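Report on the structure given below.
The values are calculated or read from the model by the stated rules, or taken from the named source; none is laboratory data. Not measured: the values here are computed from a predicted model. These accessible areas exclude ligands, DNA and RNA; they are computed on the full protein's heavy atoms, side chains included. Shrake-Rupley method; radii C 1.70, N 1.55, O 1.52, S 1.80 Å.
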Amino acid sequence: MKLALSEISTVGASFEEDVRAYAAAGFDAIGIWEFKLPGDDGANRELLRDAGLAVASCVPAVPSILPIHLPGMDVPADPGARVAALRASVARLAGYEPECVLCLTGATGGLDPGRARELVVAGLREVAAAAREAGVRLGLEPATPRQRDSVSFVNSVGAALSLLDEAALDDVGIMADTYNLWHEAPDALAPSAGRVTGLHVADDPGGEREDRVLPGEGDGRSAALVRSLVEAGWDGYLDVEIFSTPERFWGLPVDEAARRAHAAAVRLRAVVKGSD
């Protein structure tokens, strides 16, 4: 298992700062968030090559088919415009040769649930076609049940697979996230290991907090979830992804954040390997 850090973890740093800090910390790859990418893709790829960083999962600038009710993620409101943006992002991000490009359903909002599902199925088919054309894997990411009304109406691996079956998209996989799947039994992931296109790792801090903490700072669920996938044959990037606040992880300088995240990822990998 190689190690990656998702750029949202250092939300205040630039793409260039992220690349420099992640490489210096020892990461093998970067998880790109498109909103951070400068416009010159050739120069961006050269920067990555010079740093020796591969690309794990990529998050499009418009990451969902229906709006996400979080600041900055609710526009455009029209699902058709969102699908068009997703298709364009998939084509662009494929040039970085990532492990996968992810997408989410978005929230139902004021739509009838059946109509929302129809829109998502149709949109997924279009985005999947763009991924096939670009030669990149597409992964549908379930969100934590806490975010059913704001981020996604798909909140488990089973629900994600059911939606993909309905859309007849056998070539689209699952973007797994240990925080989002905190409620899942670890052994429930094993049968889906072959469909996992990427894996974000972070721990739930517990209590009323809505941020995330580094793997190992919670109750050990991340290790159990990763172990279940590894034992089923999965071997991708451990891509640390931390949503936080300026008072917590997001307030750290990029170099310190990258070092702490790398140390946590190394410990997680050791715990998982030590179980073999």
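For Cα pairs less than 8 Å apart in space and 6+ apart in sequence, what is the mean separation divided by the residue count of the chain, i.e. the relative contact order in percent?
Details: 557 pairs, mean separation 56.8, N = 276.
Relative contact order for the chain comes out at 21 percent.
Short version: ³J(HN,Hα) in whole Hz for each residue of the stretch 164-173, in order, from phi by Karplus 6.51 cos²θ - 1.76 cosθ + 1.60 (θ = phi - 60°), x for Gly and Pro, what are they?
With coefficients 6.51, -1.76 and 1.60, one gets 5, 5, 4, 7, 6, 10, 5, 8, 9, x Hz.
Please work out whether the stretch 127-276 counts as rounded, prolate or oblate from its C-alpha gyration tensor, where a ≥ b ≥ c are the square roots of the eigenvalues and a/c under 1.5 means rounded, while otherwise a/b larger than b/c means prolate and anything else oblate? Don't skip to the end; give the middle numbers.
Details: a/c = 1.62, a/b = 1.41, b/c = 1.15.
Here the stretch 127-276 falls in the prolate category.
How big is the accessible area of residue 150 in square angstrom, nearest 10, if you roll a 1.4 angstrom probe over the protein chains?
30
Based solely on C-alpha atoms, express the radius of gyration and the Dmax of the stretch 58-182 in angstrom.
When restricted to the Cα atoms of the stretch 58-182, Rg and Dmax are 13.0, 37 Å.
With θ set to phi - 60° and the Karplus curve 6.51 cos²θ - 1.76 cosθ + 1.60, what are the ³J(HN,Hα) couplings of the stretch 94-102 in order, to the nearest whole Hz, using x for Gly and Pro?
Once θ is set to phi - 60°, the couplings for the stretch 94-102 become 4, x, 8, 6, x, 4, 6, 10, 9 Hz.
Give the carbon-plus-sulfur fraction of the accessible surface of the chain in %, rounded to a whole number; probe 1.4 Å, heavy atoms of protein chains only. Don't skip to the answer; put the middle values down first.
Working: 5630 of 11200 Å².
Accessible surface attributable to carbon and sulfur in the chain totals 50 percent.
Just by accessible area at a 1.4 angstrom probe, what is the order of 245, 197 from largest to smallest? If you can, show how the numbers build up before the last one.
Working: 245 35, 197 5 Å².
Per-residue accessible area, sorted high to low, gives 245, 197.
Express the accessible area of the chain per residue in Å², computed with a 1.4 Å probe while the remaining protein chains stay in the model. Intermediate results must be reported in sequence, preceding the final value.
On the way: 11200 Å² over 276 residues.
With all protein chains present, the chain gives 41 Å² per residue.
Taking θ as phi - 60°, what are the ³J(HN,Hα) couplings along the stretch 51-60 by the Karplus curve (6.51, -1.76, 1.60), each to the nearest whole Hz, with x for Gly and Pro?
7, x, 9, 7, 10, 7, 7, 10, 10, x
Given a 1.4 Å probe and the protein chains all in place, what does the accessible area of residue 78 round to, in Å² to the nearest 10?
Ignoring ligands and nucleic acids, residue 78 comes out at about 90 Å².
When N is the residue count of the stretch 1-122, what does its C-alpha Rg come to as a fraction of 2.2 N^0.38 Å? Walk me through the numbers before you get to the answer.
Numbers: Rg = 15.7 Å, N = 122, 2.2 N^0.38 = 13.7 Å.
So the Cα radius of gyration is 1.15 times the expected 2.2 N^0.38 Å.
Ordering 200, 262 by how much accessible area each has at a 1.4 Å probe, largest first, what is the list? Numbers along the way, then the final one.
Numbers: 200 0, 262 35 Å².
Order by accessible area, largest first: 262, 200.
Just check the stretch 102-157 against the gyration tensor rule for me: Cα atoms, a ≥ b ≥ c as the square roots of the eigenvalues, rounded for a/c under 1.5, and otherwise prolate or oblate depending on whether a/b exceeds b/c. Mind showing how you got there, number by number?
On the way: a/c = 3.20, a/b = 1.56, b/c = 2.05.
The shape class here is oblate.
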